[in-house]
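Take a look at the structure set out below.
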Amino acid sequence: MGAQDCACPIPKVELMNTYLKNHRKILAACCAVAMATLTACGGDPEVGTATPTPPGSLVLSGTAATGSVIAGSMVETKCAVGSGNATTGSDGNYTLTVASGALPCVLRVTAGSGTVWHSVAAGTGTSVTAHITPVTHLVIAYLAGSDPADYYSSFPSATASASEVSVAAASVVDALRSGGIDLSALGSVFSAPLLPGNAYDQALEAFEATLVSSGVSFGQFGQWVAESGAASRNPIAAVGTVSLPAGMRLQPAASNCAALRSGTYRVITPDRSGQLASQTGLITIDANTLSVTYKDGDTGTLVPNGECRYLNDGGAEDVVVSQAGVIAWRYAVDGGATHGFAIAFPEQHHTVAELAGTWNQLGFERNDAGTAYSPNAATITFNASGVSSALSYCAAVKTCVEVTSSTITRVVNSSGGFTNTSSDGNDPDWTFAYRAGGGELMLVSLAGNGSFSYATRQRTNVPATVGTVSDGWTISVNGQLQVPGAPGRSTNTILSSDSVTGAYTRQATATAVGATRIESLAVNNPRAGYTLRSAESVLNSAGAFETVSELVFLGMRGMGVTPVAFTTFPQFTISVARP
């Protein structure tokens, strides 16, 4: 956004000489103020005299820019009460008055190219700054869950509170940060200083350049943001498509895996240390070089081992990546003598209010003696303030008891994620949230003793359609929190499905080489949102009987990742869908 000439009011030609003679000092002062504040002097550009602001009026002002100023363009606004318009100056600034107006307001400006950009003014007061930029346009897309033009058309019937606007803005800023455009230090994207060459201006230019280099149109990016916003307001109806979040799609991709992108990842490595801080941290991945910088500062290089699969540490470690960018990692411990398990996903920032609702959880918990881990489950409800209102705990996954003696309070942790504190005095644990491109959230929680869990919002599932084929890697953790073997392979095809009872059968890969077997399952068993595989003895395609163990799994919608708990022995498995 280059520096522009001062855009002060210019009188009619026939008054020019007289006006300049008598008011030269006033004109100079006006321009000086305008250059200092990047705010147009106001008034009628035809007559050059300031129009008095009627008492009780609302004044909106700001800058319209995309990285270059949007000059000489009409700005229009519709408010909860009133409407108005103005024309941007040569510096992109505008000031408009809405007689007897009342917030909130939605604004739009039509650039010379014909592109229409939107913004919003919320809160209180009679004088509000509301820049109009591609970033504010994305905030409206997130807020509306649709094209901002629709939001403008339906205004004021479609209004949003100041807190809702704030959440939407924070979500967009976070999405752009994961894409390499960091606006987090600016403050409000609606009122932060927007001057030629300053940080906001540079960020707009960087965003424009990043879209070009990534081959993503602004319209497509805006659609991804809108889908995420719609899902945040109605998570039960989230699309659930396994895909990357909008910001990560701007980052470079690995040559053998479109889902592995450059960026910062939250990594969770459960262990028995008793120290929460040692079990989580941030790593960075360069998808171009496949280099990894770990949380302790060490570096390594991933070696491709098929599509979205890698070897690391000289082949001692296995890494697999889902199409939503979730990484499952079998890492070496004690020089490779044993192996542990880690999960990683792009680092994001969420609010406590976003995690309101009822969640199903499936985890692996250390026993009271501290000798081993076994599967557990829970269903818990949180309000928008982060306080639990209902908790059902299932020590054996299937059999649950209502817990009424304590509540859990969730607050933002300054180091990322959320701290969960129980009123019964138990040690706090740490929860991290990740929203994939389909709009759904996944929660991963960690306790100091190495216990961990995965959670997704509770919903009533339906069986998969007959003919659906699933193919994934599996990484299994034993009761000592170790991963004895390399990732396995699991494939299955749905053979039959009963939408009334939720029962279905699938043809699955058997342990015998080249053999398959038929398995019986049921959705919403033992509770809504979970799926149970029945224990039985079946004849496989090689003519041998196999014992099928009972298990319960909890699909993380939109993640390409499924946690699996065996109910009769201590094993916890993560299944990661192959591309």
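Relative to the compact-globule estimate of 2.2 N^0.38 Å, the Cα radius of gyration of the stretch 64-208 comes out at 0.97. Heavy-atom accessible surface of the chain, averaged per residue, reaches 42 Å², computed with a 1.4 Å probe. Note on Q202 and S405: their simple-model spin labels are 5.7 nm apart, each label 7 Å out from Cα toward Cβ.
As a fraction of the 1.4 Å probe accessible area of the chain, surface on carbon and sulfur atoms comes out at 53 percent.
Span-like helix criteria (full DSSP H runs; alpha carbon extent of at least 20 Å along the helix axis; mean Kyte-Doolittle hydropathy of at least 0.5) are satisfied in the chain by 13-37, 162-178. Could you tell me whether the stretch 96-165 comes out rounded, prolate or oblate from its Cα gyration tensor? Rule is a ≥ b ≥ c as square roots of the eigenvalues, rounded for a/c under 1.5, then prolate if a/b exceeds b/c, otherwise oblate. Oblate shape, in that a/c is at least 1.5 and b/c is the bigger or equal ratio. Expressed per residue, the C-alpha convex hull volume of the stretch 423-579 stands at 146 Å³. If R0 equals 41 Å, the separation of the Cβ atoms of T289 and I236 corresponds to a calculated FRET efficiency of about 0.50.
Restricted to Cα atoms, the chain shows a radius of gyration and a Dmax of 28.3, 105 angstrom. Rounded to the nearest whole Hz, the Karplus-based 3J(HN,Hα) values (6.51 cos²θ - 1.76 cosθ + 1.60, θ = phi - 60°) of the stretch 182-190 follow the sequence 9, 10, 5, 8, 7, x, 5, 6, 8, with x at glycine and proline.
The values are calculated or read from the model by the stated rules, or taken from the named source; none is laboratory data. Note that the coordinates shown come from a computational prediction; the quantities given were computed from them, not determined experimentally. In this analysis, Cβ positions are derived from the backbone assuming ideal geometry, glycine residues included, and neighbour counts consider all displayed protein chains. Protein only, heavy atoms only, side chains kept; ligands, DNA and RNA dropped before computing areas. Shrake-Rupley method; radii C 1.70, N 1.55, O 1.52, S 1.80 Å.
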